[in-house]
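A short worksheet on the structure shown next.
The values are calculated or read from the model by the stated rules, or taken from the named source; none is laboratory data. On a predicted model such as this, the values are computed, not experimentally measured, just so you know. Ideal geometry is used to build each Cβ from the backbone, glycine not excepted, and the neighbour counts take in all protein chains shown.
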Amino acid sequence: MLSLLLLPWFLIRIPPDYFIRPRDPHKWHVLLQPHALVRNLLGLPVLLAGIAMLVLPGQGLLTIMIGLGIMNFPGKFELEKWVVTRKGVLKAVNWIRKKSHHPPLQAP
């Protein structure tokens, strides 16, 4: 239930140009920084809880997405872009952003 309430809050904090701005392809060094370790240690239980919720009661997919959003790892951007380009996802995200008076995400 909490993940369902937090989803709009997370979606409106994504910058509109998030999926079209240039990226640094060599981000392995980021994993060794203390803030990245803390983020990954906080996001991992959320991700595992989301995976468990796929067979248990709860918002499994939303919890998985929140866990991935917290974490920082190579390939995360490509995974996020793949999810957003699924049929209807970008439309739903932009609908939530419009209701919150935020500009739509620019399509990748």
Tell me, which residue of segment 70-87 that is outside any helix (DSSP H, G or I) and modelled with pLDDT under 85 is nearest to A36 (Cα to Cα)? N72
So H102 passes all but one of these: (1) loosely packed, with under 14 Cβ neighbours inside 10 Å; (2) modelled with pLDDT of 90 or more. Which condition number does it fail? (1)
How many residues, within segment 49-69, are surrounded by 17 or more Cβ atoms within 10 Å (Cβ to Cβ) and either touching a residue at least 60 places away in the same chain (Cβ under 8 Å) or not in a loop (DSSP other than H, G, I, E, B) (or both)? 12
Close pairs from segment 10-39: first modelled with pLDDT under 70, partner surrounded by 10 or more Cβ atoms within 10 Å (Cβ to Cβ) and part of a helix (DSSP H, G or I), Cβ under 7 Å, at least 6 apart: V30/A36
Lone qualifier among R97, R39 - being under 15 Å from the mean Cα position of the chain (by Cα), closer than 16 Å to L7 by Cβ and of a type in the set (K, R): R97
So which residues in segment 52-62 are more than 15 Å from the chain's Cα centre (by Cα) and at pLDDT below 90? M53, L54, V55, L56, P57, G58
